[in-house]
1. I want to make sure I understand the PRE zone here: with the label point 7 angstrom from the Cα of Ala370 toward its beta carbon, which residues in region 150-179 have backbone N atoms less than 16 Å away?
2. Could you give the length gained by full extension between Thr256 and His194, i.e. 0.36 nm per residue of separation minus their alpha carbon distance, to one decimal place?
3. Counting DSSP beta bridges in the chain, what percent are antiparallel, to the nearest 5?
4. If ligands, DNA and RNA are left out, what is the accessible area of Lys294 with a 1.4 Å probe, given in Å² to the nearest 10?
5. For the residue pair Glu358 and Arg43, what label-to-label distance in nm results when each label sits 7 Å from Cα along the Cα-to-beta-carbon direction?
6. If I build a Gaussian network model for the chain, linking alpha-carbon pairs within less than 10 angstrom, which residue out of Ala82, Ala184, Ala330 has the largest mean-square fluctuation?
7. Taking only C-alpha pairs under 8 Å that are 6+ residues apart, what is the relative contact order of the chain in percent?
8. Might you report the magnitude of the Cβ-based charge dipole of region 1-123 about its Cα centre, with Lys and Arg at +1 and Asp and Glu at -1, to the nearest 20 debye?
Amino acid sequence: MPIINRVAALSDEMAAWRHDFHENPELLYEVHRTAGVVADRLREFGCDDVVTGIGRTGVVGVIHGRNSASGKTIGLRADMDALPIVEESGVPYASKSPGLMHACGHDGHTAMLLGAAKYLAETRNFDGTAVLIFQPAEEGGAGGKAMVDDGLMTRWGIQEVYGMHNMPGLPEGHFHMRPGPLLAASDKLEITVHGKGGHGGASPHKAVDSILIGAEIVSALQSIVARNVDPIKTAVISICVFQAGSAANVIPPTATLKGTVRTLDPEVRDLVERRIAEVADGIARAYGGSAETKYTRLYPATINHERETAVAADVARDVVGAERVNDNAAPLMGGEDFAFMLQARPGAFVFLGMGGGEECHHPAYRFNDAILGHGASYWVRLVEKTMPAG
């Protein structure tokens with residue numbers, strides 16, 4: 001079935017909600033205004049329960065179907081937070097908060113789920129309970145984990161959980177997903193190299209050059225991917241910061257390297273973490289210095305469950321047609337904290353195509369309002385198909 005007529009009729013309203021969120025972006029857990037607007041809307045729609053403050057500033061709305069004989073409860077998740085980016089989109093509803101921008105489409109995700117909430121609260125054409133999850137702090141704050149740790153799944157008895165994200169570059173209204181790892185684990189590393197300072201021109205032989213050691217480490221870390229990781233699998237190690245020294249003729253005693261690590265397989269993640277420390281320490285010792293490695297695990301890989309991914313694909317085909325659904329899409333190396341929810345309950349994460357335009361996290365990124373109906377219809381059909389009224 002195509003986009004639901006009633007949902008299509010909500011398009012202008014959903015766009016107005018999104019534009020309001022876009023004008024008023026908020027970071028991480030400081031989404032107080034956004035969460036307040038969401039909670040007010042859910043109450044206006046007639047949700048059976050609206051709870052705020054889950055995972056600090058998350059919002060949960062509960063809608064019961066006409067029947068509850070199935071005993072089934074599913075969760076639908078949207079993220080609410082923005083990014084610390086100066087907006088260059090040129091839209092008339094651009095951010096009113098200097099240095100903050102909805103550059104990843106979370107305003108659109110929130111608007112789509114609100115649209116679905118309004119429809120579901122009006123019709124209730126399902127047998128079970130829909131739990132609408134509005135999450136803070138996806139952009140590096142692990143808000144998904146915070147909500148799970150705050151009892152999200154157990155308090156409302158959620159049995160399955162589903163998420164969705166827009167994707168620039170994917171044709172408008174197309175869906176991509178896959179069972180298994182869809183997005184990578186996202187970790188950060190920091191290596192502090194300790195050498196011995198000295199005069200870079202007059203007596204370099206008396207120093208232990210932390211910059212030279214750091215440069216060797218940067219190059220050698222790539223050997224982990226090339227020679228330690230199974231070539232059938234994948235990993236990314238990128239050093240993005242190299243800080244050392246303050247004068248052109250002085251060898252500094254320390255250097256700091258910072259970077260990101262992405263992996264799709266938990267065993268590869270363990271291997272890479274171990275080898276980074278071993279390589280850094282070995283090279284530093286070979287040059288007479290030492291290296292201290294700090295490896296911080298951020299988000300785990302987003303791993304879709306097979307049955308729930310099949311359900312998500314069937315629903316997407318109902319909404320946009322089989323020719324617009326790829327249920328075996330290639331995984332991506334971006335990170336997503338919906339992974340924590342998928343660790344807690346079976347479910348699936350999908351991408352919804354936006355068409356052309358700048359990538360997410362770009363100052364000129366523009367969300368395509370034309371996909372609001374696709375997203376809201378997907379959420380509605382997911383509820384009605386997984387919990388049919390009978």
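1. Zone members listed by number: 167-175.
2. Going from the current span to full extension adds 21.4 nm.
3. Of all bridge pairs located within the chain, approximately 65 percent are antiparallel.
4. For Lys294, the solvent-accessible surface is approximately 130 Å².
5. 3.7
6. Ala330
7. Relative CO of the chain lands at 25 percent.
8. Values: 11 positive and 16 negative charges, 99 e Å.
In debye, rounded to 20, region 1-123 gives about 480.
The values are calculated or read from the model by the stated rules, or taken from the named source; none is laboratory data. Computed from a prediction, not measured in an experiment: that's the story for all the values here. Note that we place each Cβ from the backbone using ideal geometry, even for glycine, and neighbour counts take in every protein chain shown. Only protein heavy atoms, including side chains, enter the accessible area calculation; ligands, DNA and RNA are left aside. Shrake-Rupley method; radii C 1.70, N 1.55, O 1.52, S 1.80 Å.
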